[in-house]
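Heads up, the thing below is written out as structure tokens.
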Amino acid sequence: MMRARPVPADLSITEAAARWAVRLDGDNVSDEERCAFEAWRNQSTEHDAAYERASAAMQVLDAAPDDPHLDALRRAALRYQPERSWFGMTGIAAAMALLLVGVGVFVAIRDKPVASLYAKGAADYVTRRGEKLDVTLPDGSAITLNTETDLDVAFDGRQRTVEVLHGQAFFNVAKDSSRPFVVIAGGKQIVALGTAFDVRLDKKRVEVLLVEGRVVVEDVAPSGLAAPSAEKARESIHLNAGEALVATDKEVMRTAAENQERLLKWRDGLIEFDNTTLAEAVAEFNRYSVQTIHIDDPRLAQLPISGVFRTNSQRKFLEAVTSLHPVVVEYRGPDEFALVARQP
């Protein structure tokens, strides 16, 4: 009798649900596997809801085999090479599970709008701390997600919309004059037809860095769906390549994007500091590691640091700091360090 393999412990609920949907859609599903699935599904309402969404996605894939949007997703999924087999799944089945996990599955049946299968605000694409993810959307647009980033995607016949719920992402937008590409972040929307730009949302601060083309930055309603009023539209800011915008609750600043190449090194897994204060450098490194660094002494916080470091090499960063300045690293727990003044 075929034995049911356990769900790997490192799978998210969404990924496990997608793989269960793929497995149960296949042939020769044993009774033991069905029992294992029911046990997993009954663990929580989250498991049950995730499986229902994955099943709905499977039905969409079966119902619209020739849809160009789904074809783009299939091609992107099949480029993925799984590191391990699960439930004896073939590479194609594993790739299809990845497609479902991405949640960027879109419905385009007859003249109905194309819409995300997942609920608004539920983060279609997610990276955890220290992770980076490359995504190809159905229209051919490419997105790179930086560490701890949540994106929600919704396309329809009139507009392509991506909302940055948290974090940072680089967008390389495919041209489509009939459907503008809109990125919503922190009360602002960035409208483009075909261009490349970076968006970072930290709490209530939005940064837009335009690399190529032109974009229009406008205020947007809190729902993230309504178009700005005519009065707000007059406040639109047009950015050209090489320009940046920083918006907070108090002000909006448009500037020349200095050191553009340095600011975008995160796409290669690098951080570059150029006479940066130690406090700013530490805050940037803390975005990428579960092991956080603290500075209690305000005098140390103002020390300068320059250099290029890998985002996953906190140790090299600390070694550079302690070799350049009279500072030592103090261990404060499994995931916490402090930079303190070296005693004479």
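The values are calculated or read from the model by the stated rules, or taken from the named source; none is laboratory data. This one's a predicted model, so the numbers in the text were calculated from it and none came from an experiment. Calculation scope for accessible area: heavy atoms of the full protein, side chains included, ligands and nucleic acids excluded. Shrake-Rupley method; radii C 1.70, N 1.55, O 1.52, S 1.80 Å.
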If the limit is 28 Å between Cα atoms, which of Lys203/Lys265; Lys175/Lys265; Lys132/Lys250; Lys175/Lys203; Lys175/Lys250; Lys175/Lys204 go over it? Lys132/Lys250; Lys175/Lys203; Lys175/Lys250; Lys175/Lys204
Computed P(r) (all Cα pairs; the range 296-344; 5 Å bins; percent): 5, 19, 29, 27, 17, 3, 0
Taking the reciprocal of mean 1/r across every pair of different Cα atoms in the range 226-315, the Kirkwood radius in Å is 15.9 Å
A 1.4 Å probe over the protein heavy atoms gives the range 147-306 a carbon and sulfur accessible-area percentage of 48 percent
